Amino acid sequence: CERFSYYGMRAVLVLYFRYFLRWDDDLATSIYHAFVALCYLTPILGAIVADSWLGKFKTIIYLSIVYAIGQIVMAVSAINDITDANRDGTPDNMAVHVTLAMIGLILIAFGTGGIKPCVSAFGGDQFADHQTRQRSTFFSVFYLCINAGSLLSTLITPILRGQECGIHTQQKCYPLAFGVPAALMVVSLIVFIAGSGMYIKAAPQGNIMLDVCNCIGFAIKNRFRHRSKRYPKREHWLDWANEKYNKLLIAQIKMVLKVLFLYIPLPMFWTLFDQKGTLILQPDQMQTVNPILILTLVPIMDRVVYPLIRKCGFNFSPLKRMTVGMFLAAMAFVSAALVQIQIDKTLPVFPSSTESQLKIVNMASSQMEVTISPHDPIVLGSMQCGASVVEVEDIKPNTVHMALQIPQYFLITAGEVVFSVTGLEFSYSQAPSNMKAVLQAGWLFTVAVGNFIVLIVAELAKLPDQWAEYVLFASLLVAVCIIFSIMAYFYTYINPAEIEAQFMQGDEIDPEDKEKKAIELKSKDFVQQQNEQVGKTKM
């Protein structure tokens with residue numbers, strides 16, 4: 001229901017900007033992308049709130065209320081009659097509609113973005129540490145449900161918009177197109193709250209983000225202060241925080257930083273994946289292919305392919321799956337480039353910017369094309385006009401079959417299933433208990449970065465041919481895929497629960513010992529300063 005609410009609203013959002021608010025294409029596109037980017041930046045705030053103060057359950061409820069209010073405001077903003085005083089079918093005060101729409105979109109962005117990292121992490125919380133197989137299945141079903149909502153909204157919401165409604169005049173029914181997603185968001189919230197008694201609700205563990213930042217800052221400052229060779233090296237640079245922070249927190253931060261380091265190459269996958277819309281030649285016919293393929297491939301991968309690979313004795317670890325997913329996405333763009341080359345062969349030859357083209361047709365239907373430059377003399381013979389009507393086909397229909405797009409859609413979707421579902425599960429399984437949502441937010445942040453890379457690369461490259469741009473992005477992802485595979489090779493999988501249990505069983509340094517260590521370190525600093533001062537005096 002929630003994904004239907006989000007994707008359903010997004011499906012008609014640009015049309016709403018263009019044909020209801022009367023914005024031009026550039027403004028409509030800019031606001032749309034700004035909204036999507038905000039939806040993938042706000043998960044960081046939601047994760048901090050969940051892990052530090054409210055817990056995931058309450059965060060989901062409170063932000064879902066904000067989310068639902070935003071959807072309702074969007075539906076109200078699309079009601080033509082609220083400002084149509086003269087009943088001519090056109091709003092008299094467009095500023096009211098624009099203001100309501102912006103308020104609605106901001107509320108939706110904070111709502112949907114805020115709950116993104118909490119929903120998947122909260123689902124993972126329902127499984128014990130030994131239930132890795134069940135948890136893996138949950139993340140697959142979770143992703144399947146997301147795409148089920150996407151598919152249904154893509155099919156239904158445009159139909160709702162196509163209806164005509166209104167009190168005084170009949171207009172395209174944007175209130176219905178936004179209202180149904182709003183109603184489903186309310187339904188999703190009610191259903192979620194109804195199951196409250198069955199959930200495992202992990203309690204928040206204080207302002208963890210502040211503790212993490214302070215610990216990292218202290219470690220860096222302490223290491224810089226004791227950079228002299230007189231001080232023995234420590235196993236990890238974070239260990240320089242031992243004098244002030246407990247070992248459990250330091251160990252948890254190490255876990256998070258290891259995973260965040262692996263995230264560095266990941267935005268390149270989303271750079272290609274979020275361009276899947278540019279691979280579409282006929283949007284109306286092909287826009288449902290991706291969710292349909294996902295609904296098919298997720299259960300096949302989870303129940304057939306992965307178990308078969310395990311039976312063959314091959315260790316298809318999560319990071320290996322993600323590497324394969326990145327490679328499949330790159331191959332999808334290679335496939336798109338090959339199709340584009342075929343399309344380009346069927347396109348007519350147009351004159352350059354310094355030339356003009358003149359088509360001359362006589363009564364016998366013979367024709368010739370003459371390409372001339374501005375400096376060429378134009379001499380036309382006399383042409384007799386007759387009563388015959390001649391039909392001239394300037395541009396012939398494209399002969400490249402639509403089915404040639406299926407391989408690229410299959411490859412990009414297979415890459416998404418292998419990469420994205422696995423990435424969600426990996427992020428959860430490798431995160432310490434008090435930072436589950438934070439790592440989920442970090443995962444979602446790679447999506448936002450990927451969208452920015454699209455704009456940067458496309459602007460810098462400025463390639464004349466579309467197929468060359470596809471090859472460029474595919475090449476970049478292959479290079480990143482190789483880098484990621486090397487990083488993954490050196491990554492050691494951990495069990496955060498076991499590591500945390502070791503510290504909770506008495507391995508933690510006693511606070512008095514920690515205080516003694518800090519005093520000893522300060523004493524060494526004092527002695528060193530005195531020695532340096534004596535040396536300066538002698539000089």
inquiry  = Which condition from (1) closer than 20 Å to ALA337 by Cβ; (2) modelled with pLDDT under 80; (3) surrounded by fewer than 20 Cβ atoms within 10 Å (Cβ to Cβ) is the one that GLU393 breaks?
reply    = (1)
query = Among ILE31, ILE69, ILE44, which is more than 21 Å from the chain's Cα centre (by Cα), of a type in the set (Val, Ile, Thr) and crowded, with 16+ Cβ neighbours inside 10 Å?
reply = ILE69
request  = Considering only segment 1-22, state which residues are surrounded by fewer than 19 Cβ atoms within 10 Å (Cβ to Cβ) and either without any contact (Cβ under 8 Å) to a residue 40 or more places away in the chain or of a type in the set (Lys, Arg) (or both).
outcome  = VAL14, ARG18, ARG22
task = Please verify whether segment 214-233 includes one or more residues that are open to solvent by 40 Å² or more (accessible area, probe 1.4 Å), within 30 Å of ASP92 (Cα to Cα), touching a Lys or Arg at 6+ places or on another chain (Cβ under 9 Å) and in a loop (DSSP other than H, G, I, E, B).
result = no
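Considering only segment 159-175, I want to know if a residue exists there that is closer than 28 Å to LEU45 by Cβ, under 28 Å from the mean Cα position of the chain (by Cα) and part of a helix (DSSP H, G or I).
Step one: filter segment 159-175 for residues closer than 28 Å to LEU45 by Cβ, giving none.
The answer is no; no qualifying residue exists.
Quickly run through segment 428-466 and pick out the residues that are farther than 21 Å from TYR263 by Cβ and touching a Leu at 6+ places or on another chain (Cβ under 8 Å).
Residues satisfying the conditions are ALA461, LEU463.
The values are calculated or read from the model by the stated rules, or taken from the named source; none is laboratory data. The structure presented is a predicted model; accordingly, all values stated were derived computationally and were not measured. Every residue, glycine among them, receives a Cβ derived from its backbone with ideal geometry; neighbour counts consider all protein chains shown. SASA here: full protein model, heavy atoms, side chains in, ligands and nucleic acids out. Shrake-Rupley method; radii C 1.70, N 1.55, O 1.52, S 1.80 Å.
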